[in-house]
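> First the structure, which I've put down as structure tokens, then a few questions once you've had a look.
The values are calculated or read from the model by the stated rules, or taken from the named source; none is laboratory data. Here the structure is a predicted model, which is why all the values come from computation and not from measurement. Reconstructed Cβ throughout: ideal geometry from the backbone, glycine too, with neighbour counts over all protein chains shown.
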Amino acid sequence: MNDLLVMKFGGTSMGSAERIRSAAALCEEAWRQRPVVVVVSAMAKVTDMLLEALRHAEGGDEAGLERLLRQLDEKHRRCCNELLEGAARDRTQRVLDGILEEFARIARGVLMLGERPPRSVDEAVAAGERLSAAMMAAYLETRGVDAFAVNGWDVIVTDAVFGNASPLLEQTREKAGAMLRPALEKRRLPVVTGFNGATLDGRPTTLGRGGSDFSASILASVLDAAELWIWSDVDGIMSADPRLVPDAKVLSEITYREAAELAYNGAKVLHPRTLAPLMEKGIPVWSRNSFNPSFPGTRIVPETKDGPIGPRAVTSMTNVALVSLDPASAVLSGTRIMARSLEALAAANAEVLALTSSSYRQNFCFLIRQSELPAVIEKLEETFSLELAHGYLHPIDVDLDVGLIAIVGEGMRGQAGLAGRIFTAISREMVNIIAIAQGSSELTIAIVVRKDGVEKAVRAVHAECALGR
Ligand code: ADP
Ligand code: ASP
Ligand code: MG
């Protein structure tokens, strides 16, 4: 099975009956030549709708919940009707009804409790991928492909961090191998739901928003795949988000480390954790466009042919928060405060996107995702309750009006004057730089600016480094 190909289709690639047909054609073409495992996302917007339904339920808004349930039903019913006919359609519609009924049952439970426990949310939102996998598998069958739908929670074993679980790779290798290898040997085509897994004792989890990329890379790793192809709606990994920078160009090749830095710093085209499971084995990843399948896309590999050539891409993030801690008394050791803060961040399960400190004033600030802010503040206030109560520490300051820009490329460190040119290009746009985190990673320069300056700064840096077409 050393020719195994894992292919993942994102939400837009599964977004309608027509898109599912195109995706299925790509699956079939590959499957006729080699063993294939397919991983699918929910149809575009469906995960958002499911989460919104649960929020309505939690807030006691029964009408809002029922409206979303109807919309979800209509969307999938229409897709199923357009995709399939006759007995296959009726059979698949019954499967869809069953999945939506399970979702509705959990959502009504949330409505009754007025509470949305993370583990129920994870079980509930898995519905999105289960619905799309059922339709994809059924459609492939009508094309003569021996496809079958698989629930991610039957193959991917994770820890119990609901909403942002991490895979247990050894256990996943066993479970996925036992479930998928015999099928692959019989030339069957598994269509696995992305985004979800389950703990060792079988409780459903999810891998974080956008996590289907991660599901696919986990499976590619544990099944020792030859390649992973990630099908999205752009021609590959580009020098910037084409929505922000019209002349962004597709990169034909980038390294794992570059791709990972881009993803961690906001390039939505890849889930940040996608590359980790593949690095050790050097499994190549292609980022490709299901709307333009004749284009080769971007190849992500351990080393590129051109070697490290400096800045390759610029990316940004605006859903972030800058949290500052400032000792009011010189009696406090800034280093100790920093150490305890990092422990608090770890306890909150948050990721530090950038960190800067001042040695003189002993104050420091770090950038985190806004979604992680409530948990972080809770843990920080708990950790420093005494210092805050006695005024040894100024009140924790949170700045939401910020964004992060990151310039990424191997070999940047060696380029004299580059940082200066980048800062000058940003200032020329009258955008103030709030914090700089260079050097933590030798292939990234991260800069925090005011939120309304992010887009201007991205374009300025892209032009200054001549990254475009
Ligand atoms: P999918 O649903 O297939 O997982 P996503 O919406 O998650 O797709 O990711 C694709 C989107 O990522 C693109 O439409 C593009 O706007 C955005 N994007 C952000 N940065 C980049 C980049 N550097 N290169 C390519 N796309 C990017
Ligand atoms: N459907 C999930 C999400 O929207 C996972 C994914 O699309 O990758 O976050
Ligand atoms: Mg995605």
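> Under 7 Å between Cβ atoms, at least 6 apart or on separate chains: pull out the pairs that start in the stretch 196-221 with a residue that is over 15 Å from V40 (Cα atoms) and end on any residue that is more than 8 Å from ligand 2 (Cβ to nearest atom) and basic (K, R).
Between residues of the stretch 196-221 that are over 15 Å from V40 (Cα atoms) and residues that are more than 8 Å from ligand 2 (Cβ to nearest atom) and basic (K, R), the close pairs are R203/R119; S221/K281.
> Shifting gears a bit: Return the total of residues in the stretch 201-214 being buried (at least 24 other Cβ atoms within 10 Å of the Cβ) and either in a loop (DSSP other than H, G, I, E, B) or out of contact with any helix residue (DSSP H, G or I) (no Cβ under 6 Å at 6 or more places or on another chain) (or both).
Of all residues in the stretch 201-214, those buried (at least 24 other Cβ atoms within 10 Å of the Cβ) come to 205-207, 211-214.
Imposing the further condition that a residue be either in a loop (DSSP other than H, G, I, E, B) or out of contact with any helix residue (DSSP H, G or I) (no Cβ under 6 Å at 6 or more places or on another chain) (or both) reduces the set to 207, 211-214.
Total satisfying the criteria: 5.
> Same structure again: Going through the stretch 232-270 one residue at a time, which ones are hydrophobic (A, V, I, L, M, F, W, C), more than 7 Å from ligand 1 (Cβ to nearest atom), outside any helix (DSSP H, G or I) and out of contact with any His (no Cβ under 8 Å at 6 or more places or on another chain)?
Residues satisfying the conditions are L244, V250, L251, I254, L270.
> Further, regarding this structure: Could you tell me which of the residues S385, S358 is farther than 30 Å from A240 by Cα, surrounded by fewer than 17 Cβ atoms within 10 Å (Cβ to Cβ), in contact with a Phe, Trp or Tyr (Cβ under 8 Å, 6 or more places away or on another chain) and not basic (K, R)? Outline the logic, then answer.
On the way: S385 fails: in contact with a Phe, Trp or Tyr (Cβ under 8 Å, 6 or more places away or on another chain).
On inspection, the qualifying residue turns out to be S358.
> State which residue pairs qualify: first residue farther than 25 Å from S16 by Cβ and inside the stretch 224-244, second residue near ligand 1 (Cβ under 7 Å from one of its atoms) and assigned to a strand (DSSP E or B) in any location, beta carbons under 6 Å apart, and separation of 6 or more residues or different chains.
S239/A313
Residues are listed down the side, and each one gets a yes or a no for (1) surrounded by 24 or more Cβ atoms within 10 Å (Cβ to Cβ); (2) more than 16 Å from ligand 1 (Cβ to nearest atom); (3) closer than 22 Å to L275 by Cα:
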{"residue": "E115", "(1), (2), (3)": "no, yes, no"}
{"residue": "V155", "(1), (2), (3)": "yes, yes, yes"}
{"residue": "D159", "(1), (2), (3)": "no, yes, yes"}
{"residue": "E170", "(1), (2), (3)": "no, yes, yes"}
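> Suppose we keep only residues that are surrounded by fewer than 19 Cβ atoms within 10 Å (Cβ to Cβ) and farther than 24 Å from L168 by Cβ within the stretch 264-285. Which one would you say is modelled with the highest pLDDT? Walk me through it before giving the result.
Taking the stretch 264-285 and keeping what is surrounded by fewer than 19 Cβ atoms within 10 Å (Cβ to Cβ), we get 268, 276, 279-282, 284.
Then drop every residue that is not farther than 24 Å from L168 by Cβ, which leaves 268, 284.
On the way: K268: 93, P284: 96.
Here the answer is P284.
> Now a separate question. When the residues of the stretch 246-263 are filtered to those that are out of contact with any strand residue (DSSP E or B) (no Cβ under 8 Å at 6 or more places or on another chain) and crowded, with 19+ Cβ neighbours inside 10 Å, which remaining residue is nearest to H462 (Cα to Cα)? Show your work before the answer.
Narrowing the stretch 246-263 to residues out of contact with any strand residue (DSSP E or B) (no Cβ under 8 Å at 6 or more places or on another chain): 246-247, 257, 260, 263.
Still in the list and also crowded, with 19+ Cβ neighbours inside 10 Å: 257, 260, 263.
On the way: R257: 20, A260: 19, A263: 17 Å.
The selected residue is A263.
> Kindly indicate which of G109, G98 is surrounded by fewer than 16 Cβ atoms within 10 Å (Cβ to Cβ) and farther than 26 Å from T142 by Cα.
Details: G98 fails: farther than 26 Å from T142 by Cα.
The unique qualifying residue is G109.
> Further question: Can you tell me which residue is nearest to I309 (Cα to Cα) among those in the stretch 403-430 that are crowded, with 21+ Cβ neighbours inside 10 Å and over 23 Å from the mean Cα position of the chain (by Cα)?
The initial filter retains those residues of the stretch 403-430 that are crowded, with 21+ Cβ neighbours inside 10 Å, namely 403-410, 412, 422, 426.
Cutting the leftovers down to over 23 Å from the mean Cα position of the chain (by Cα) gives us 412, 422, 426.
On the way: M412: 7, I422: 16, I426: 22 Å.
That would be M412.
> Something else about it: Within the stretch 400-469, which strands (runs of 3 or more DSSP E) (wholly inside it) include 2 or more residues that are without any contact (Cβ under 8 Å) to a residue 40 or more places away in the chain and touching a helix residue (DSSP H, G or I) at 6+ places or on another chain (Cβ under 8 Å)? Talk me through it step by step, then tell me what you get.
Numbers: elements: 402-408, 433-438, 444-450.
Output list reads 433-438.
> Looking at the stretch 272-287 only, could you name the residues that are of a type outside the set (A, V, I, L, M), part of a loop (DSSP other than H, G, I, E, B) and more than 26 Å from A463 (Cα to Cα)?
Filtering the stretch 272-287 for residues of a type outside the set (A, V, I, L, M) gives 272-274, 277, 280-282, 284, 286-287.
Adding the requirement that they be part of a loop (DSSP other than H, G, I, E, B) leaves 272-274, 280-282, 284.
Residues satisfying the conditions are R273, T274, E280, K281, G282, P284.
> Report, by residue number, each residue of the stretch 324-356 that is within 22 Å of E261 (Cα to Cα) and either part of a loop (DSSP other than H, G, I, E, B) or within 24 Å of the chain's Cα centre (by Cα) (or both). Can you show your working first?
Of the residues in the stretch 324-356, the ones within 22 Å of E261 (Cα to Cα) are 342, 345-346, 349-356.
If the condition is that a residue be within 22 Å of E261 (Cα to Cα) and either part of a loop (DSSP other than H, G, I, E, B) or within 24 Å of the chain's Cα centre (by Cα) (or both), then L342, L345, A346, N349, A350, E351, V352, L353, A354, L355 are the ones that fit.
> If a residue has to be within 16 Å of ligand 2 (Cβ to nearest atom) and either of a type in the set (F, W, Y) or not in a helix (DSSP H, G or I) (or both) to count, how many in the stretch 1-36 make the cut? It would help to see each step written out before you state the result.
Taking the stretch 1-36 and keeping what is within 16 Å of ligand 2 (Cβ to nearest atom), we get 6-16, 19-20, 23.
Add one more test, that the residue is either of a type in the set (F, W, Y) or not in a helix (DSSP H, G or I) (or both), and what stays is 6-11, 15-16.
Residues in the stretch 1-36 being within 16 Å of ligand 2 (Cβ to nearest atom) and either of a type in the set (F, W, Y) or not in a helix (DSSP H, G or I) (or both): 8 in total.
> Would you point out which residue out of R143, R209, R130 is under 22 Å from C80 (Cα atoms), among the charged types (D, E, K, R) and within 16 Å of ligand 2 (Cβ to nearest atom)?
Numbers: R143 fails: within 16 Å of ligand 2 (Cβ to nearest atom); R209 fails: under 22 Å from C80 (Cα atoms).
Exactly one of R143, R209, R130 is under 22 Å from C80 (Cα atoms), among the charged types (D, E, K, R) and within 16 Å of ligand 2 (Cβ to nearest atom), namely R130.
> When you go through V121, V145 one by one, which is the residue that is at pLDDT 95 or above and assigned to a loop (DSSP other than H, G, I, E, B)? Write out each step before concluding.
On the way: V121 fails: assigned to a loop (DSSP other than H, G, I, E, B).
V145 is the lone residue from the list that is at pLDDT 95 or above and assigned to a loop (DSSP other than H, G, I, E, B).
> Considering R70, R21, R77, which residue is out of contact with any helix residue (DSSP H, G or I) (no Cβ under 8 Å at 6 or more places or on another chain), of a type outside the set (A, V, I, L, M) and modelled with pLDDT of 95 or more? Walk me through how you get there before you give the answer.
Working: R21 fails: out of contact with any helix residue (DSSP H, G or I) (no Cβ under 8 Å at 6 or more places or on another chain); R77 fails: out of contact with any helix residue (DSSP H, G or I) (no Cβ under 8 Å at 6 or more places or on another chain).
None of the other options fit; the residue is R70.
> I would also like to ask the following. So V157 ticks every box in (1) more than 16 Å from ligand 2 (Cβ to nearest atom); (2) out of contact with any strand residue (DSSP E or B) (no Cβ under 6 Å at 6 or more places or on another chain); (3) closer than 17 Å to V6 by Cβ but one. Which box is left unticked?
(3)
> Right, another one. When the stretch 396-450 is examined, which residues are found to be over 23 Å from A466 (Cβ atoms) and of a type in the set (S, T, N, Q)?
Residues satisfying the conditions are N432, S440.
> Right, next: Can you tell me which residues in the stretch 32-43 are buried (at least 18 other Cβ atoms within 10 Å of the Cβ) and either away from ligand 3 (no atom under 16 Å from the Cβ) or under 18 Å from S16 (Cβ atoms) (or both)? Break it down stepwise before answering.
Let us first name the residues in the stretch 32-43 that are buried (at least 18 other Cβ atoms within 10 Å of the Cβ), namely 35-43.
Selection gives P35, V36, V37, V38, V40, S41, A42, M43.
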